[in-house]
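Structure first, commentary second.
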Amino acid sequence: MGRALQEKFKDLLYQKIFPQAGLFLVKLISATYRLRMVDTDNEKDALAEYGSVVYTSWHQRFFPGITFFASRKPIAIMISQSRDGEMIARVVDVLGWHAIRGSSTRGGKQALKEARMLARKGYRIGHIVDGPQGPFGVIKPGLLAISQFSGAPILPVITSARRYWMFNSWDRFIVPKPFSHVIIRFGAPIFVPRHLDTDAFEAFRLDVEEKMRALYQETDAWWKSPEKIPAS
């Protein structure tokens, strides 16, 4: 197989086959979940006050949100300009999300400007705080920068499943098993001041990181006493 033909075949895989097949599988599994929404007033109040939010999740836990947040349109998500990012962007496009292409290493400034423009138009912004390669659970500065530039508050989105598969990846990626009970919980909105010096920025980042970790731990613990799970 010639080099040009190999590249065409790779493009076909990344741009058509993998995204469509992967999304079909995600939708198939997600349709079986028994969802319980918790603390929905946090989302409603933040949208009423600010007009937009930055939905925030760990990479490990975003699987249940893939199809759920397709119902939160208009919504955009920042995706790197790598080849893997291209495949993800194709999936996002099929879901009806808007892909903002850029990261801290490439195209970041332009991506932030686009996020701000979209937030002002009423788009919600989705962001995976520790992706694409970790470290696990560590919030990168990009989350705070998106919130600062867009003027939209951070809204932690905590997902937890009673039964799940855990993969041997850098973040121990979780996929809830079919027909599993799944919680989607909205944390209290966190507004990031537009101007923070270096020390204040780092302190704020660590505080958000700790708040998210505590929310995940508390939500996971509910499965030991399901009667404690708040009503939707």
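Residue check: Pro132 meets all listed conditions (1) outside any loop (DSSP other than H, G, I, E, B); (2) touching a residue at least 40 places away in the same chain (Cβ under 8 Å); (3) open to solvent by 40 Å² or more (accessible area, probe 1.4 Å) but one, namely (1). A single member of Val208, Val129, Val157, Val182 is among the hydrophobic types (A, V, I, L, M, F, W, C), touching a Leu at 6+ places or on another chain (Cβ under 6 Å) and within 18 Å of Val54 (Cβ to Cβ), and it is Val129. In the list Arg194, Arg205, Arg124, Arg116, which residue meets the criterion of being within 30 Å of Leu28 (Cβ to Cβ), among the charged types (D, E, K, R) and in contact (Cβ under 8 Å) with a residue 12 or more places away in the chain? Answer to the check: Arg124.
Residues in segment 135-159 that are open to solvent by less than 10 Å² (accessible area, probe 1.4 Å), hydroxyl-bearing (Ser, Thr, Tyr) and either over 27 Å from Ser30 (Cα atoms) or over 14 Å from the mean Cα position of the chain (by Cα) (or both): Ser147 alone. Please go through segment 15-34 and pick out each residue that is surrounded by fewer than 14 Cβ atoms within 10 Å (Cβ to Cβ) and either at pLDDT 90 or above or not in a helix (DSSP H, G or I) (or both). If the condition is that a residue be surrounded by fewer than 14 Cβ atoms within 10 Å (Cβ to Cβ) and either at pLDDT 90 or above or not in a helix (DSSP H, G or I) (or both), then Leu28, Ala31, Thr32, Arg34 are the ones that fit.
Residue count for segment 35-68 under the criterion of being over 20 Å from Val175 (Cα atoms) and touching a Phe, Trp or Tyr at 6+ places or on another chain (Cβ under 7 Å): the result is 5.
Here is the figure for segment 210-232: residues that are in contact with a strand residue (DSSP E or B) (Cβ under 8 Å, 6 or more places away or on another chain) and either closer than 16 Å to Leu143 by Cβ or open to solvent by 80 Å² or more (accessible area, probe 1.4 Å) (or both) total 5. Can you find, within segment 208-232, the residue that is nearest to Arg162 (Cα to Cα) among those that are without any contact (Cβ under 8 Å) to a residue 60 or more places away in the chain and among the basic types (Lys, Arg)? Selected residue: Lys224. If I ask for residues that are assigned to a helix (DSSP H, G or I) and either under 11 Å from Val175 (Cα atoms) or open to solvent by 30 Å² or more (accessible area, probe 1.4 Å) (or both), which ones from segment 69-78 would you list? Selection gives Ser71 alone. Per the listing Asp207, Asp197, the residue uniquely open to solvent by 80 Å² or more (accessible area, probe 1.4 Å), modelled with pLDDT of 95 or more and not hydroxyl-bearing (Ser, Thr, Tyr) is Asp197. Regarding Ala188, is this residue touching a strand residue (DSSP E or B) at 6+ places or on another chain (Cβ under 9 Å), open to solvent by 20 Å² or more (accessible area, probe 1.4 Å), of a type in the set (A, V, I, L, M, F, W, C) and more than 19 Å from Ile77 (Cβ to Cβ)? Yes, satisfied.
Could you tell me whether Val208 is within 22 Å of Met78 (Cα to Cα), assigned to a loop (DSSP other than H, G, I, E, B) and among the hydrophobic types (A, V, I, L, M, F, W, C)? No; evaluated as a whole, the condition is false for this residue.
The values are calculated or read from the model by the stated rules, or taken from the named source; none is laboratory data. Since the model is a prediction, treat every value here as computed from it, not as a measurement. Cβ sites come from the backbone with ideal geometry, for glycine too, and all protein chains shown count toward neighbours. Note: accessible area is taken over every heavy atom of the protein model, side chains too, but ligands, DNA and RNA are not part of it. Shrake-Rupley method; radii C 1.70, N 1.55, O 1.52, S 1.80 Å.
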